[in-house]
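Trainee: Below you will find the structure I want to go over with you.
The values are calculated or read from the model by the stated rules, or taken from the named source; none is laboratory data. Predicted model, so just to flag it, every value in this text is computed and none were measured. Ideal geometry is used to build each Cβ from the backbone, glycine not excepted, and the neighbour counts take in all protein chains shown. Heads up: the accessible areas ignore ligands, DNA and RNA and are worked out on the full protein's heavy atoms, side chains in. Shrake-Rupley method; radii C 1.70, N 1.55, O 1.52, S 1.80 Å.
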Amino acid sequence: MSSSRPRRRLPLLVLLAILLPIGIAAAHHAATYEGPDWGVTGRASAGLLPPAEAWPAATIRVYAARTVRWRGIFATHTWLVVKEAGAARYDRFDYTAWGDPIRTNGFPPDARWFGAEPVLIFAADGEAAARAIPKIRAAIASYAWRNRGDYRAWPGPNSNTFVAAALAAAPELQAVLPPTAIGKDYPHDGRWIAPATGGLGFRASLGGYLGLAVGWYEGVELSLFGAVIGVDVRRPAVKLPAIGRIGMGEDFV
């Protein structure tokens, strides 16, 4: 009889692990959110990148910023920035809900996302970036969900699905999106089971509604309707819905 108690309590513990972080994030949002800055400063450069002409190396960057209004409680918007060696400018790629979903250079490469400060999620430079950029550009050019009307904020395909698909084309980068990047686990290629980052593990997703990832770079992630609970062993941390990583190599809070 006593042995059945832990089994009965497990769903309650999982529910608490989802709702408590969301409650904390909601309280923080209510206390600090001043509304989106729709003026020039809302999409101005945050000064995270040097001028392209002063940085000759091939470059890949992934940035994240909290989304607009109440959605920022739960989720971040991610985007890609690439530059070939010696190029005179960076190219920024976003996936959005308006117009043609894939937007190229619609904003400065390191711009604030409607007032929200961007955070660097991933960086690669030099030869590693030079080898990966053609694969990333090819993945963007052939992205299946590129037509008007394809974007879905939840469960995907959304901005984070797009970035995850582009990075999946270059698994040697070992790039992982933060747990707040809701939509990253949506099966963009139609495969419900696929290799984890770098091929070291697997990820499974039931249409983005329920998912499990086990990998060296992801750690263990359980996704319930986009809310991620997990643990990272390689860089010790816990991953919580709405809050993100807590621990080493904190990506985003």
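Trainee: Looking at Asp91, Asp100 in this structure, which one is without any contact (Cβ under 8 Å) to a residue 24 or more places away in the chain and of a type in the set (Asp, Glu)?
Mentor: Asp91
Trainee: Name the residue, out of Thr59, Thr76, that is under 18 Å from the mean Cα position of the chain (by Cα) and touching a residue at least 24 places away in the same chain (Cβ under 8 Å).
Mentor: None of the others qualify; the one that does is Thr76.
Trainee: I would also like to ask the following. Quick check on my filter: what residues within the range 172-221 are touching a Leu at 6+ places or on another chain (Cβ under 6 Å) and in contact (Cβ under 8 Å) with a residue 24 or more places away in the chain?
Mentor: Ala175, Lys184
Trainee: One residue is enough: does the range 220-230 have a residue meeting the conditions more than 24 Å from Ala139 (Cβ to Cβ), in a loop (DSSP other than H, G, I, E, B) and open to solvent by 30 Å² or more (accessible area, probe 1.4 Å)?
Mentor: yes
Trainee: Just give me the residues in the range 81-97 being farther than 30 Å from Ala27 by Cα, aliphatic (A, V, I, L, M) and open to solvent by 20 Å² or more (accessible area, probe 1.4 Å), in sequence order.
Mentor: Residues satisfying the conditions are Ala85, Ala87, Ala88.
Trainee: Suppose we filter the range 62-87 for residues that are out of contact with any Pro (no Cβ under 6 Å at 6 or more places or on another chain), under 16 Å from Gly106 (Cβ atoms) and of a type outside the set (Val, Ile, Thr); how many remain?
Mentor: Adding up the residues that qualify gives 3.
Table: residues versus (1) crowded, with 24+ Cβ neighbours inside 10 Å; (2) part of a loop (DSSP other than H, G, I, E, B).
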site	(1), (2)
Ala144	no, yes
Asp150	no, yes
Ala153	no, yes
Phe162	yes, no
Glu172	no, no
Val176	yes, yes
Pro179	yes, yes
Ile182	yes, yes
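Trainee: Any idea which residue in the range 35-74 is nearest to Ala97 (Cα to Cα), counting only those that are in contact with a Gly (Cβ under 8 Å, 6 or more places away or on another chain) and at pLDDT 95 or above?
Mentor: Residue satisfying both the conditions and the ranking: Ala58.
Trainee: Run down Thr59, Thr78 and say which single residue is open to solvent by less than 30 Å² (accessible area, probe 1.4 Å) and within 26 Å of Leu224 (Cα to Cα).
Mentor: Thr78
Trainee: Moving to a separate point now. For the range 107-142, which positions are of a type in the set (Lys, Arg) and surrounded by 16 or more Cβ atoms within 10 Å (Cβ to Cβ)?
Mentor: Arg112, Lys135, Arg137
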